[in-house]
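Below: the structure, in structure tokens.
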Amino acid sequence: MSTLAATGIALLLAATCLAGALVLPSAASLWLSLERARSRLALHRVHVAGFEMPYLEGGRGPVLLLVHGFGGDKDNFTRVARFLVPYFRVVIPDLPGFGDASRDAAASYDIASQVARLHAFVAALGLGQAHLGGNSMGGFIAAQYAATHPDDVVTLWLLDAAGFDGAFDTDVIRRYAATGESVLLLRSVASFDALMATATHRRPWLPPALRRALAARGIRDRTLHERIFREIGVGSPTLESISSAIRAPTLIVWGRQDRILNPDVAASMHARIAGSELSMMEDTGHLPMVERPGRSAGDYRRFVARHVSAPGAAPRV
């Protein structure tokens, strides 16, 4: 078969897959598989502390463990991973209670409990020392992990991280406190669209089938996630008291247009975490790794190169 013919067939297959993702609800998993393949990530599963934790893994080199936020899942980092897998062994789990991980209605999902499960996950995979990153709730978990297990974290990457006083001082959180309703707790496909419009300044395109699938999962999880939301906001102590225990070089990234968590908190976080660096990302909302994956990965790679023996040259972004 000629190269031209092979290319034509590949393009036809890609177009067929895209068309299916646009119109078929069952095609959501196919779309995710294509995105993961593009980022050279493979899906695996492991049982940890009574939970099944699916995870994505790809690349070689030092381990980079990435932790998603509230209501999110491992695929929140799929797009940024394609810029990272040439330099790191990227590992991205679903936290218990989220994504495709198992749920236990009787379990606690406060930050300390999730830190303990993440530590067990690291042990189960034999990851050893790792670079660690997290977004939103995942940043809260990552920061507390770094404070609790300082010898295990090489660098810390916090993207619009929860956990500091004042982070919840936003209209989104004030509305929840006043009414019990939040854009983070889904009731319909329309509420998923409202969530994405609120969480991002540069809204990523998602195929309708995937939007419907993510909305359906969020609706099913609403009761559990309401409880988890309260546990995080009330049952988990803030990071101020333990921030001095973070010894890893830390890059704090915050989208200037974040409407979920208050961007003004970034400065106080920077002041309290010794030796940290702060990057305020313009024209970006709550999900820098989704909205600006190349820029986010490039900034982090250059940060690692400044603080650690770098695993290869910085990527072109």
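The values are calculated or read from the model by the stated rules, or taken from the named source; none is laboratory data. None of these values were measured; they are calculated from a predicted model. Cβ atoms come from the backbone with ideal geometry, glycine included; neighbour counts cover every protein chain shown.
Side notes on the structure shown:
- The number of residues in segment 95-137 being under 25 Å from Ile242 (Cα atoms) and of a type in the set (Asp, Glu) comes to 1.
Yes/no matrix, rows are residues, columns are (1) among the aromatic types (Phe, Trp, Tyr); (2) under 20 Å from Arg45 (Cα atoms):
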residue	(1), (2)
Val80	no, no
Ala101	no, yes
Leu118	no, yes
Val122	no, yes
Phe140	yes, no
Asp151	no, no
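- Scope segment 145-184; condition touching a Ser or Thr at 6+ places or on another chain (Cβ under 8 Å), over 24 Å from Leu224 (Cβ atoms) and surrounded by fewer than 18 Cβ atoms within 10 Å (Cβ to Cβ); matching residues: Asp165, Gly166
- Pair list, Cβ < 9 Å and 6+ apart or interchain, from segment 163-183 residues that are on the phi > 0 side of the Ramachandran plot to residues that are hydroxyl-bearing (Ser, Thr, Tyr) and assigned to a loop (DSSP other than H, G, I, E, B): Gly163/Ser236; Gly163/Thr238
- Identity of the residue in segment 197-235, within 17 Å of the chain's Cα centre (by Cα) and among the small types (Gly, Ala, Ser), that ends up nearest to Ala105 (Cα to Cα): Gly218
- Filtered residues of segment 185-221 (kept if over 20 Å from Val290 (Cβ atoms), loosely packed, with under 15 Cβ neighbours inside 10 Å and modelled with pLDDT of 90 or more): Arg220
- Some residue of segment 223-233 being under 16 Å from Ala142 (Cβ atoms) and buried (at least 17 other Cβ atoms within 10 Å of the Cβ): yes
- Scanning segment 222-251 for residues that are touching a residue at least 12 places away in the same chain (Cβ under 8 Å), part of a helix (DSSP H, G or I), among the hydrophobic types (A, V, I, L, M, F, W, C) and over 22 Å from Val290 (Cβ atoms) yields Leu224, Leu239, Ala245.
- Close pairs from segment 97-122: first within 15 Å of Phe229 (Cα to Cα), partner basic (Lys, Arg) and surrounded by fewer than 21 Cβ atoms within 10 Å (Cβ to Cβ), Cβ under 8 Å, at least 6 apart: Gly97/Arg103; Tyr109/Arg227
- In summary, Ile141 fulfils each of the numbered conditions (1) over 21 Å from Val265 (Cβ atoms); (2) out of contact with any Lys or Arg (no Cβ under 7 Å at 6 or more places or on another chain) with the single exception of condition (1).
- For segment 136-175, taking the residues that are charged (D, E, K, R) and touching a Phe, Trp or Tyr at 6+ places or on another chain (Cβ under 9 Å), the one that is farthest from Arg256 (Cα to Cα) is identified as Asp152.
- Every residue from segment 252-275 that is in a loop (DSSP other than H, G, I, E, B), charged (D, E, K, R) and surrounded by fewer than 24 Cβ atoms within 10 Å (Cβ to Cβ): Arg256, Arg259, Asp264
- Among the candidates Arg40, Arg82, Arg45, the residue that is over 26 Å from Asp151 (Cβ atoms), of a type in the set (Lys, Arg) and within 15 Å of the chain's Cα centre (by Cα) is uniquely Arg82.
- Residue match in segment 31-45 (condition: modelled with pLDDT of 95 or more, touching a Pro at 6+ places or on another chain (Cβ under 6 Å) and part of a strand (DSSP E or B)): yes
- Total residues in segment 268-298, condition of a type in the set (A, V, I, L, M) and either in contact with a Ser or Thr (Cβ under 9 Å, 6 or more places away or on another chain) or on the phi > 0 side of the Ramachandran plot (or both): 7
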